[in-house]
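So the structure is just underneath, and the comments pick up after that.
The values are calculated or read from the model by the stated rules, or taken from the named source; none is laboratory data. Bear in mind that the values here come from a model prediction, so they are computed numbers and not experimental data. Here the Cβ positions follow ideal geometry from the backbone for every residue, glycine too, while neighbour counts run over all protein chains shown. Keep in mind that these areas ignore ligands, DNA and RNA; they rest on the heavy atoms of the full protein, side chains included. Shrake-Rupley method; radii C 1.70, N 1.55, O 1.52, S 1.80 Å.
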Amino acid sequence: MPIQQSLSIIKPDATKRNLTGKINAKIEDAGLRIVAQKRVKWKQAEARKFYAVHKDRPFYKDLVKFMTSGPIVMQVLEGNNAVSKYRKIMGATNPKEADKGTIRADFAQDIERNSVHGSDSAENAAKEIKLCFKKAEIVG
Ligand code: UDP
Ligand code: MG
């Protein structure tokens, strides 16, 4: 299995409810390593750029508003098949459809306030990591 990296974000709904540690425990229990982590508050322009792929979707404006509403924790996760492994432990976008025991099933509030972001492909992971971290901030 290939060692991969994925970009994770703990979203404002989760930092607000003090869930960073509980989410990190699920990440580490799944065998992924948190090799970079920083807590920041996004400006509108940063959120718009990160979610530019969704700019024509009806939820884009609200999503940018939500993602700039409070602190977020950006992370680089590393491990075997990190991209698909993290998607699996995150659970479905809509927490009502998320498998039992996943981060979103346990913590998400609704389809928007769904506690975490995770890259959806190795290609997008590389782009997102580059957007969020300097090389020197990632320590494997
Ligand atoms: N989102 C939303 N309404 C929707 C779909 C998505 O508010 O109908 C938000 C939600 O926070 C989601 C993010 O937009 O996590 C990005 O959507 P995507 O389809 O990429 O879902 P993800 O990859 O996060 O599961
Ligand atoms: Mg996505």
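Only residues that are modelled with pLDDT of 95 or more, surrounded by fewer than 13 Cβ atoms within 10 Å (Cβ to Cβ) and touching a strand residue (DSSP E or B) at 6+ places or on another chain (Cβ under 7 Å): list them for segment 1-27, please. Scanning segment 1-27 gives a single hit, 3. Tell me, yes or no, whether segment 31-48 has at least one residue that is part of a loop (DSSP other than H, G, I, E, B), closer than 19 Å to residue 86 by Cβ, more than 13 Å from ligand 1 (Cβ to nearest atom) and open to solvent by less than 100 Å² (accessible area, probe 1.4 Å). Scanning segment 31-48, I find at least one residue that is part of a loop (DSSP other than H, G, I, E, B), closer than 19 Å to residue 86 by Cβ, more than 13 Å from ligand 1 (Cβ to nearest atom) and open to solvent by less than 100 Å² (accessible area, probe 1.4 Å), so the answer is yes.
Within the set 104, 57, 87, the sole residue that is near ligand 1 (Cβ under 10 Å from one of its atoms), surrounded by 13 or more Cβ atoms within 10 Å (Cβ to Cβ) and more than 30 Å from residue 136 (Cα to Cα) turns out to be 104. Considering segment 115-131, the residues that are open to solvent by 40 Å² or more (accessible area, probe 1.4 Å) and among the charged types (D, E, K, R) include one that is nearest to the chain's Cα centre (by Cα), namely 120.
Within segment 69-84, the residues that satisfy the criterion of being more than 13 Å from ligand 1 (Cβ to nearest atom) and either in a helix (DSSP H, G or I) or surrounded by 14 or more Cβ atoms within 10 Å (Cβ to Cβ) (or both) are 70, 71, 73, 74, 75, 76, 77, 78, 79, 81, 82.
Would you confirm, using the coordinates I've provided, whether residue 92 is out of contact with any Gly (no Cβ under 8 Å at 6 or more places or on another chain) and within 15 Å of ligand 2 (Cβ to nearest atom)?
yes
When segment 86-114 is filtered for residues that are in a helix (DSSP H, G or I) and under 13 Å from the mean Cα position of the chain (by Cα), the ones remaining, listed by number, are 86, 87, 88, 89, 90, 103, 104.
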